[in-house]
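Shown next, in structure tokens, is the structure this report addresses.
The values are calculated or read from the model by the stated rules, or taken from the named source; none is laboratory data. Predicted model only: the values in this text are computed from it and were never measured. Note that we place each Cβ from the backbone using ideal geometry, even for glycine, and neighbour counts take in every protein chain shown.
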Amino acid sequence: MVNGLDNNQIIALIVNFSVLLVSLGVSIFLIFKIKFDDKNYRLLFIIYTLYWIAPMLLREYTSQMQAAMKGIGDAAANGVFWWLPVTIYGIIGLFWKPLNDLLSHRLKSRKTVIYISIFIQAAGAIPMIAYPCFATNVIQSLTVGIGASGIAVFSLMFNEQYAKRKVFLTVSLLSLPPLLGEFFSSVLQCCVTSFLPPKPQPVITPEYWSQYIPIVKYMWVIGLFFIVTTGILTIFIKEKKAFLYQDNQYKEPVKNKYDIWVVVLLIFAAATTSFVKFSTSGGDIITELTNIGQHYGMETKAYEGYLSVIFTVGQMAANIVTGLFLVKKMSKWTIFTISSGLWLLFGVLYGSLPNVWSRMACNILNGWAFGTTYNIIVGITLNKFFTKSNKITPITLYNTGLSIGICSSLFFKQFLNKDVFHEGKLDWDVYLVRNWIVAGIVIGIILLMWVSFTTAWFIEKKHPPKRIRVNRVRNQQDMDD
């Protein structure tokens, strides 16, 4: 993998590896600087960060591997199911996230459900490492989607075991591990892609793609390492099973038609936020950046991964500012409205500035708007529970809404991208039209998101839910079971 590197590749590798080391040092400092009431909270925080690296690392390059397989003439990748590797990631979440809740209820353990997810991810990565092809790409995308579906399990576990009354503290802290995971995965992606040869211009040839696949598959080797490491560290998590659902006594009940309508509208808002995010960021946008660079004769592989870093920086800044300052100064609806306005501005810029540097610069605005709207909605949803049954939770239905937005956005983008290329070369005029179509739909979806959230907000203001008491943990013996 290291033979025959030119000076540019060596420089890119040194820079990316240096960024990785600095980021690791800063992250370790921050993790140990944050004050946790319980040392197990810190361990769970670290495990959650490691847990997220593999899904973030592999999700972004599923579409890239699909493009590579099409480039070398894989018949299945060019067949009627060409869209499957990219969209199956979101589709599986529609079914797996509710299943996580049902398994937690049946097994009386969220830790066991996390282990199931870790095992499935490991099983999906191995075939991709051994023999990368269309079928193994579909399998690994499916298992990565299952891994990403674990976010609700971690959210509930944090809240039940440690936070209880501090729902927005949980949301703020839990927003950091996925962001750290995404940041590390982006740098690792750049380290791996530093080994790639220069892209041929103006058309990417099958010979290039045949070199691309054996190098990029090392991302799945790295991902498998983090999956196994997470599994080993999870052994040391102490889960008090008696705390399962005990945080409901501090939450708002969902028991009448007004409460149900609020949850439904929040789920719809969740679907729209994920649709906008995955339509304008992630692996498909990395491919888009490559295509734009190809049009302008620019080599982008050395910094493609940093597109996600820029988004993550914006999202992380939004989480910190919102959690520590904005929620204390203004209402959640006001914060949501301002962020929706910023997202609309991003949509206009996305359509009007289709070049490499504007794409990267605007992504920080994209990350900020998503981070704020996401945290506001998830914070409200996490603070609710169904009075009729614990088998399904509002936060799981919320995450199912996210999956709906993910799979619909990915299918939508893949469908629009079909006619952008002619004989392997980007048709710039067609791309510009497609770019404005994406921007227009994104702007419309953002407006729907704001209307949905605003309606839910004012329904809850007019018909506020009444808290009820639930059974508490009876004694210390129960707590330690």
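Is it the case that some residue within region 113-129 is buried (at least 20 other Cβ atoms within 10 Å of the Cβ), closer than 23 Å to Lys384 by Cβ and touching a residue at least 12 places away in the same chain (Cβ under 8 Å)? Scanning region 113-129, I find at least one residue that is buried (at least 20 other Cβ atoms within 10 Å of the Cβ), closer than 23 Å to Lys384 by Cβ and touching a residue at least 12 places away in the same chain (Cβ under 8 Å), so the answer is yes.
So in region 103-112, with the set limited to residues that are under 14 Å from Ile237 (Cβ atoms) and among the charged types (D, E, K, R), which one is surrounded by the most Cβ atoms within 10 Å (Cβ to Cβ)? Out of the qualifying residues, it is Arg110. For region 64-92, residues that are surrounded by 20 or more Cβ atoms within 10 Å (Cβ to Cβ) and farther than 27 Å from Thr193 by Cβ total 1. Say whether the condition of being at pLDDT 75 or above, surrounded by fewer than 13 Cβ atoms within 10 Å (Cβ to Cβ) and more than 14 Å from the chain's Cα centre (by Cα) is met by at least one residue in region 11-18. There is at least one residue in region 11-18 that is at pLDDT 75 or above, surrounded by fewer than 13 Cβ atoms within 10 Å (Cβ to Cβ) and more than 14 Å from the chain's Cα centre (by Cα).
Looking across region 318-375, the residues that are under 28 Å from Ile459 (Cα atoms) and among the aromatic types (Phe, Trp, Tyr) come down to Phe325, Trp333, Phe336, Trp343, Trp368, Phe370, Tyr374. Restricting attention to region 253-273, the residues that are assigned to a strand (DSSP E or B) and in contact with an Asp or Glu (Cβ under 8 Å, 6 or more places away or on another chain) add up to 1. Screening Leu156, Leu180, Leu142, Leu169 for residues that are among the aliphatic types (A, V, I, L, M), surrounded by fewer than 22 Cβ atoms within 10 Å (Cβ to Cβ) and at pLDDT below 90 leaves exactly one candidate, Leu169.
Taking region 425-481 as the search range and keeping residues that are surrounded by 13 or more Cβ atoms within 10 Å (Cβ to Cβ) and in a loop (DSSP other than H, G, I, E, B), which one is modelled with the lowest pLDDT? Among them, the one singled out is Val473. Scanning region 215-238 for residues that are in contact (Cβ under 8 Å) with a residue 40 or more places away in the chain and of a type outside the set (Val, Ile, Thr) yields Lys217, Tyr218, Met219, Trp220, Gly223, Leu224, Phe226, Gly231, Leu233, Phe236, Lys238.
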